[in-house]
Amino acid sequence: MCPGCPHRSVFHALNRLKAFVTGDIGCYTLGFMEPLAAMDTCICMGASIGNATGLSKLLSSEEQRQVVAVIGDSTFLHTGINGLMDMVYNSSSSTVVILDNRITAMTGRQENPSSGYTLMGADSYRVDLEQLCRAVGVQHVKVVDPYQVAATRQVLKEEMERPEVSVVIARRPCMLVKRDPVARKPAVTVDIDRCTGCRACLKLGCPAIEWRTTTEGKGVAHINSLFCVGCGLCNQVCNVDAIGDINE
């Protein structure tokens, strides 16, 4: 995934929550790769929610709550709505995560009905994903900012514990969006004296985070300033405050 990708913290959280993740077609399919390793199935476009419904019928009541379907905003609008409706209708207990990055990122960053623009760039009606989910019967819909690591993980944990369908919308624009681009912040730095070499930051799978050995032979993290976009995720997962605050 790209530096600053808003999907990264969602998969980071799902990995640690030991979720059974049914994936879908999009750039977020890369969530199956190490070190995030948080996707167990990927069959075809829009299948994630249907797969989750099927799995929930085969597992124990406790395991059912570990099932999480992950789908992008454009894929959800294309082929995912009917799956969510079926999930509610058949009394599933799984969670659906809609990765709303306001664009169709994988195939060229085209607009979609939830972006508020047509493919020609003209203003258009923006589909309200929250209302849409509630319209098909979902009673529990939460919106999170995936750049807030702890809050995102907490909401996912709470919704996964529900014995009924819930939807979490992780909303943050793609870093590469061609319309109203997200502001890139200055790169963060690592204090090698504080860094303990725990490698917690490496588990984010960010291309900007490298591993280096000092002249004393100590392994430490290093932030490549050419790649870093200052998203702040690594700051939040570092338990020893070795990664400096984003410089304004």
Regarding region 226-245, can at least one residue be identified that is touching a residue at least 40 places away in the same chain (Cβ under 8 Å), of a type in the set (D, E, K, R) and surrounded by 20 or more Cβ atoms within 10 Å (Cβ to Cβ)? no
Can you tell me which of (1) outside the structural domain of Met85 (by TED's automatic domain parsing); (2) modelled with pLDDT of 90 or more; (3) under 23 Å from Val10 (Cβ atoms) is the one Leu176 doesn't meet? (2)
Just a yes or no: is a residue in region 137-159 charged (D, E, K, R) and over 18 Å from the mean Cα position of the chain (by Cα)? no
Across region 19-34, what is the number of residues that are farther than 22 Å from Asn90 by Cα and part of a loop (DSSP other than H, G, I, E, B)? 4
For region 1-37, which positions are under 20 Å from Val67 (Cβ atoms) and surrounded by fewer than 20 Cβ atoms within 10 Å (Cβ to Cβ)? Asn15, Arg16, Leu17, Lys18, Thr29, Phe32, Ala37
Val220 - would you say it is in the same structural domain as Gly121 (by TED's automatic domain parsing), modelled with pLDDT of 95 or more, of a type in the set (A, V, I, L, M) and not in a loop (DSSP other than H, G, I, E, B)? no
Given the options Ala170, Ala135, name the one that is hydrophobic (A, V, I, L, M, F, W, C) and in contact with a helix residue (DSSP H, G or I) (Cβ under 6 Å, 6 or more places away or on another chain). Ala170
Counted residues in region 190-217 being part of a loop (DSSP other than H, G, I, E, B), closer than 15 Å to Val149 by Cα and not hydrophobic (A, V, I, L, M, F, W, C) come to 1
Per the list (1) assigned to a helix (DSSP H, G or I); (2) closer than 27 Å to Leu202 by Cα, residue check on Ala37 breaks on (1)
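The values are calculated or read from the model by the stated rules, or taken from the named source; none is laboratory data. This is a predicted model, so every value here is computed, not measured. Cβ atoms come from the backbone with ideal geometry, glycine included; neighbour counts cover every protein chain shown.
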